[in-house]
């Protein structure tokens with residue numbers, strides 16, 4: 001196999017570390033560049049001792065300079081950068097014929113006005129929004145294969161969208177009744193110093209945050225509206241829980257009149273029975289984060305409450321796996337004609 005020369009831009013955060021873990025062992029990848037302003041000049045194995053003796057551990061961090069990245073021969077770059085920063089690098093890399101898989105929010109929204117509303121500044125590269133493909137592999141595999149620019153979805157949206165999209169497409173639920181509650185491990189907030197994220201602040205505690213308008217709500221509503229064929233507005237309540245990684249989401253909605261509860265399970269099977277990273281738990285199956293952390297799987301179960309007429313969707317994923325780095329590698333595999341499971345078969 002001819003290995004694909006690959007760069008990771010912003011490789012020192014949690015998503016960057018997950019990308020390193022996956023790509024260093026990927027049979028189709030030759031990692032040729034890793035960037036970090038803070039760690040520039042240091043060897044990968046010195047910054048992250050866990051990767052010592054891994055192939056590529058002697059690779060040296062460089063500054064995120066587009067010319068330097070292009071000089072390595074990289075054909076694709078993963079961007080694990082903050083929103084607002086990623087767009088500038090993405091624009092420069094695309095101009096140098098390097099395909100981009102962006103893990104930030106910069107290209108997830110098709111409307112620059114919505115981006116400005118939720119991210120509090122004008123979009124830095126609105127001319128690229130029409131080209132960017134929202135990278136849910138189970139939903140847009142064909143578009144991902146042909147794309148130059150992938151906007152890899154957020155962690156919360158992945159856990160909410162995958163259970164809901166088949167039900168909206170088949171008009172099984174009332175779009176106006178959707179409520180999503182999610183619980184995320186602390187790594188979802190990123191690798192940065194923040195008083196609210198210190199061990200003593202998070203341990204033995206749980207709290208809601210980002211209410212009522214978490215930034216991920218923008219891409220959730222965008223994708224749900226596309227599936228429903230009408231504008232969808234939902235309630236989304238994220239919570240921080242004292243674990244390192246993992247997201248558990250419970251979403252409820254009212255069944256449309258005349259829809260039998262078993263139609264829910266049938267729609268999920270129709271959508272995902274052959275998808276390698278969606279595990280359907282069936283009716284009554286309650287997804288558990290301990291079964292998905294350190295993997296690229298999302299587990300989905302469901303139940304129906306006859307007292308309220310509401311369907312209950314339960315999903316679990318790793319927020320830095322299927323919710324970030326793993327899903328981005330899955331898109332990479334599609335882009336380069338590889339098996340979706342390459343580099344991701346970990347249980």
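Values for this structure:
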| item | result |
| --- | --- |
| Strands (runs of 3 or more DSSP E) wholly inside region 209-285 that include at least 3 residues being assigned by TED's automatic domain parsing to the domain that holds residue 169 and within 29 Å of residue 341 (Cα to Cα) | 247-254, 278-283 |
| Scan of region 105-121 for residues that are over 12 Å from residue 215 (Cα atoms) and modelled with pLDDT of 95 or more, ordered by number | 107, 110, 111, 112, 113 |
| Members of region 127-150 found to be touching a helix residue (DSSP H, G or I) at 6+ places or on another chain (Cβ under 7 Å), closer than 30 Å to residue 297 by Cβ and not in a helix (DSSP H, G or I), listed by number | 133, 134, 135, 136, 147, 148, 149, 150 |
| Filter result for the condition that a residue is part of a loop (DSSP other than H, G, I, E, B), touching a strand residue (DSSP E or B) at 6+ places or on another chain (Cβ under 8 Å) and in contact (Cβ under 8 Å) with a residue 12 or more places away in the chain, over 153, 124 | 153 |
| Scope region 1-27; condition assigned to a loop (DSSP other than H, G, I, E, B) and within 17 Å of residue 39 (Cα to Cα); matching residues | 10, 11, 12, 13 |
| Subset tally (residues that are in contact (Cβ under 8 Å) with a residue 24 or more places away in the chain and not in a strand (DSSP E or B)) for region 307-327 | 12 |
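Yes/no matrix, rows are residues, columns are (1) modelled with pLDDT of 95 or more; (2) under 18 Å from residue 118 (Cα atoms); (3) touching a strand residue (DSSP E or B) at 6+ places or on another chain (Cβ under 6 Å):
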residue	(1), (2), (3)
183	yes, no, yes
191	no, no, no
195	no, no, no
198	no, no, no
201	no, no, no
252	yes, no, yes
260	yes, no, no
263	yes, no, no
267	yes, no, no
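The values are calculated or read from the model by the stated rules, or taken from the named source; none is laboratory data. Values in this document were obtained by computation on a predicted structure and should not be read as measured data. Counting neighbours? That spans all protein chains shown, and the Cβs are built from the backbone with ideal geometry, glycine included.
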